[in-house]
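The values are calculated or read from the model by the stated rules, or taken from the named source; none is laboratory data. Source: prediction; values computed, not measured. All Cβ positions, even for glycine, are placed from backbone atoms using ideal geometry, and neighbour counts span all protein chains on display.
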Ligand SMILES: Cc1cc2nc3c(=O)[nH]c(=O)nc-3n(C[C@H](O)[C@H](O)[C@H](O)COP(=O)(O)O)c2cc1C
């Protein structure tokens, strides 16, 4: 009996030591991975920002000219975020809004939606998603040109009820066998335009503070 008890204690001790030894490296790997993901998202975002509003169209430091945003249902934001303002000779020429489409097939689809000062779309890019390869991933520019179908669109073009995929009687194509993903993106882009229209003045009038600039640069 005593031998069994001793053996059990030894096993328990062994397990405890094993747990301590393995938990440390796992926690460290997790932190490093999360940090790497954040950096990759930032990199993808920076590349997308300059695709949406190329450097030839503005002369300010786009990456640090930011406007803080509070959690906002029309943008799908659960957490505070920031928008980026492009300026030429100090005057705003456009703004890029972070948008989360929350009703995709497989979780959040993160987008950047660029509009000019009149609310006309300069470009939309997907910065992260988990939609199915071969079905929903045609929202990515490297998979198809579909995302470019938003260029030049605005709230009156098309009319509000036509801001939908063809299957819902709208003007935007869906994909073969995949309607859920493009439907979510179309709705999210339309809602971003509504948000811009409702907040246009305060967004475009904003002048970023030193703290905001430093936060935008990841410091
Ligand atoms: C394994 C699997 C993965 C799918 N992935 C997607 C996807 O990423 N995006 C999407 O829109 N539909 C996807 N679909 C198809 C949807 O379930 C749905 O049938 C399709 O979007 C058409 O929707 P609708 O019937 O509302 O038009 C997937 C289906 C299966 C079985």
Of the listed residues (164, 184, 178), the one being within 13 Å of the ligand (Cβ to nearest atom), surrounded by 17 or more Cβ atoms within 10 Å (Cβ to Cβ), over 18 Å from the mean Cα position of the chain (by Cα) and touching a residue at least 24 places away in the same chain (Cβ under 8 Å) is 178
Criterion violated by residue 133 - all others in (1) free of Cβ contacts under 8 Å to residues at least 40 places away in the same chain; (2) surrounded by fewer than 21 Cβ atoms within 10 Å (Cβ to Cβ); (3) within 12 Å of the ligand (Cβ to nearest atom); (4) over 20 Å from the mean Cα position of the chain (by Cα) satisfied: (4)
Look at the stretch 205-214 and say how many of its residues are in a helix (DSSP H, G or I) and either modelled with pLDDT under 90 or under 15 Å from residue 64 (Cα atoms) (or both). 5
Here is a check on your reading of the model: is residue 80 over 21 Å from residue 207 (Cα atoms) and modelled with pLDDT of 95 or more? no
Restricting attention to the stretch 82-103, and to residues there that are crowded, with 20+ Cβ neighbours inside 10 Å and farther than 18 Å from residue 130 by Cβ, which single residue is nearest to the ligand (Cβ to nearest atom)? 97
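From the list 45, 34, 51, pick out the single residue that is assigned to a helix (DSSP H, G or I) and out of contact with any strand residue (DSSP E or B) (no Cβ under 7 Å at 6 or more places or on another chain).
The unique qualifying residue is 34.
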Being within 16 Å of the ligand (Cβ to nearest atom) and surrounded by fewer than 16 Cβ atoms within 10 Å (Cβ to Cβ) is the filter; apply it to the stretch 104-127 and report the residue that is farthest from the chain's Cα centre (by Cα). 106
